[in-house]
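Please read the structure below before turning to the comments.
The values are calculated or read from the model by the stated rules, or taken from the named source; none is laboratory data. Quick caveat, the model's predicted, so the values are computed rather than measured. Every residue, glycine among them, receives a Cβ derived from its backbone with ideal geometry; neighbour counts consider all protein chains shown.
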Amino acid sequence: MNETQEPTPEPRRTSNGNGNGNAAHGGNGAVPHGLRPRGEGGLNLKPSGRLNAIPTEARGTAPVDSSAPIENAVFRCRDVNVFYGAKQALKGVSIDVAPRQVLAMIGPSGCGKSTFLRCLNRMNDTIPGARVTGSIVLDGRDIYDPERDAAQLRARIGMVFQKPNPFPKSIYDNVAYGPRIHKLTRSRAELDDVVCSSLTRAGLWDEVKDRLGSPGTGLSGGQQQRLCIARTIAIQPEVILMDEPCSALDPIATARIEDLIDELREQYAIVIVTHSMQQAARVSQRTAYFHLGELIEVGETDRVFTNPRHRLTEDYITGRFG
């Protein structure tokens, strides 16, 4: 009697604290700078060292419920799909954005991170053939409601791009531009106060206070990015979106931007797209992993990096692909 026996599945290799197996950002067993060993619990990227006790063998490959509601969420996104013509770029994304937190979105290039970010302030409206379905709710109203004014919406949702893009104006006029067009100030004195406070909060005032009339394009790359952040917060937004804001900056400028993000999140909800997992670990409280247009996993940053619940997340974090 010939009985068919199922082959014994090959055990999954996971990262461990002694450098064996697949370490993050490579498969050579080396633990990259910024990651510390944590015994059998996995890699710890945060100084806090917090771990959720989820056994490695309990991690599955089934989709994780990423739509669990957050109390007082700024954004509530449900079943968001994005199409560019016939191509679907984003598939059924459901996620909440919490107040006074940084949500980091990670994943390989082309996985839908920036596409989703652009959904949050309707920047996809400017792309011919783009179509967004599903629900993105801000203050109880869908932001894609035809009666909703996109310009007024964007005034409440600031955007910082990958490459610093100061206007070809003076430093002062760069920051004053938003308050002027949205009529947020009633006098030059009020406008001066907004410019000063915005540059101060962006950590740039001491460096530029004696040359406010100089072109913003004459600043260094890191200063230009902080000028763009000052320009963003000058209109008093509720949310700040950041699309790889440090990718064009040197490590010193990157550190200053990260410190600024940590300060700003005390007042704003911040959503950041980053290709640096170390950066996501440093600046965010929640992390979302995207893969091929799908949201695979979202949760507290410490938990996602140390105990991912989905195999795709673990494979990306440990450097098996991406």
Quiz item: Any idea which of (1) over 26 Å from PHE75 (Cα atoms); (2) over 26 Å from the mean Cα position of the chain (by Cα); (3) part of a loop (DSSP other than H, G, I, E, B) is the one GLY203 doesn't satisfy?
Solution: (2)
Practice problem: Give, as residue ranges, the strands (runs of 3 or more DSSP E) completely inside segment 50-136 that count at least 2 residues that are at pLDDT 90 or above, within 21 Å of the chain's Cα centre (by Cα) and over 24 Å from ALA280 (Cβ atoms). | Solution: 75-84
Quiz item: How many of the residues in segment 160-200 are of a type in the set (Gly, Ala, Ser), surrounded by 15 or more Cβ atoms within 10 Å (Cβ to Cβ) and not in a helix (DSSP H, G or I)?
Solution: 1
Quiz item: Any chance segment 288-303 includes a residue that's among the small types (Gly, Ala, Ser), buried (at least 23 other Cβ atoms within 10 Å of the Cβ) and more than 26 Å from LEU138 (Cβ to Cβ)?
Solution: no
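Those residues that are within 17 Å of ILE157 (Cα to Cα) and in contact with a Gly (Cβ under 6 Å, 6 or more places away or on another chain), I need them from segment 228-254; list them, please.
THR232, ALA234, ILE235, PRO237, ILE240
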Exercise. Would you point out which residue out of ALA230, ALA253 is under 24 Å from VAL273 (Cα atoms), modelled with pLDDT of 95 or more and of a type in the set (A, V, I, L, M, F, W, C)?
Key: ALA230
